[in-house]
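A quick write-up on the structure given underneath.
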Amino acid sequence: MALTTSSPMPDLVSEGGTLLRDGLIWAIYCRPGQDPIELERDAVMHRLATGTFPAPYAEMEGWAWLHFDIVHTLSRAQIESIPCFQEEVRQVLTNLERSIRLDSEEETVFGALPAFDDTTTDDDRNVSTWRFALQPDLLVTTRRHPIPALGVVFHELQRGLIPRSPAKLVDRALLEFADTLRRDFARLDDQLDRAEDVLLMLDRDTDLGRMSGLLGLVRRRSTELRRVLAPVDRIFRDEELELPEWAEDDLRDRSQRQVHAALDDLLALQDRARSLQDELTSNQAEETNRRLYIVSVGTTLMLPATFVTGFFGMNTGGMFLTDGSWGTVEAGGLCFIIMLGTWFVLKLTKLL
């Protein structure tokens, strides 16, 4: 049974393949400088069973890429029975968890790496995980959800951009992930630019509560991305990780640089968001103090008047200004004079 890509199913358009009944999305044989060819079913099974390709593939200089959808039970059962992989490698390929991992066993490099799923909007784009097992002439990848980064790499192979080693394909998928991260960073940085402009042009009509919500969204998204990116950077920097010589340069060195650069950009974004949050907090505290100051001044100015009204409100005999028709006016004028005197005292003592 050969793989056909002329009429991809709707749910796999982003990855460029047609889903077979056993979960195999595509199986291609890649030769540098030439167009990839589709592997026949018998050739796939022969390679997985014996570790070598049958004729005529054995006479070609190249490598194969098998991509599985492990949502299907048949694909998991098929991967778990691959004799050319160790038990630990098979478990990683069929694992449904989202943990990040990179390891090697003899001549096989395997692990799980992050990638964005195929959600339509940037704001709710989730991070998924795809798994791989890598040998000098074979790359097996598995996933639960369509991974656009793998689709991009697949279409590049169809255009003839075939690397000499499948390790570079894993590196290319990581580079696509890092590029998507940087686009997210640029979008978040634009939001911080708008927040910074509002803070610089702060006036009484500025909605500081809305600004706080905007910065909160940026900080939350950057924290989510850091939780994904930091473990990847950590596993590539692990001194105990020993990769085969054929995968050291193409996978570890190149991927480590691009992942570490993306992490540096993310840390710079978080530092800027934190600085703007501190500035916003300072402005909110200043606005609160200004309002409390106005209330305090008003309360202080009204305190003498409150004393006068309370004094004239006592039900005692001999209260002056009770005779005559101008008593209320005279009492009000007395309140005003006392308030004016209080204002001058506050001015002289530099409390205003």
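At-a-glance table
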quantity: Built amide H within the under 5 Å cut-off of LEU138, gap 5+; calculated: ALA64
quantity: Rounded to whole Hz, the Karplus (6.51, -1.76, 1.60) HN-Hα couplings of region 108-117, x for glycine and proline; calculated: 10, 9, 9, x, 9, 10, x, 6, 7, 7
quantity: Prolate/oblate/rounded call for region 24-176, Cα gyration tensor, a/c under 1.5 rounded; calculated: oblate
quantity: Karplus 3J(HN,Hα) series, Hz, for region 169-184 with 6.51 cos²θ - 1.76 cosθ + 1.60 (x for Gly, Pro); calculated: 5, 4, 4, 5, 5, 5, 5, 5, 5, 5, 5, 5, 4, 5, 5, 5
quantity: Peptide ranges 35-48, 287-300 listed from the most packed, as the mean C-beta count within 10 angstrom indicates; calculated: 35-48, 287-300
quantity: Under 5 Å, built H, 5+ apart or other chain: amide partners of PHE68; calculated: ILE25, THR141, THR142, ARG143
quantity: Of all DSSP beta bridges in region 49-206, antiparallel share, percent nearest 5; calculated: 75
quantity: Where labels lie 7 Å past Cα in the beta-carbon direction, separation of TRP343 and ALA285 in nm; calculated: 3.2
quantity: Karplus 3J(HN,Hα) series, Hz, for region 66-82 with 6.51 cos²θ - 1.76 cosθ + 1.60 (x for Gly, Pro); calculated: 10, 10, 10, 9, 7, 5, 7, 4, 5, 5, 5, 5, 5, 5, 5, 9, 6
quantity: Tensor-based shape of region 224-278 (alpha-carbon gyration tensor, a/c under 1.5 rounded, otherwise prolate or oblate); calculated: prolate
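Every read-out reported here was derived from the displayed coordinates using simple, explicitly stated rules and does not represent laboratory data. Here the structure is a predicted model, which means the values were calculated and not measured. Cβ coordinates were reconstructed from backbone atoms using ideal geometry, including for glycine residues, and neighbour counts include every protein chain displayed.
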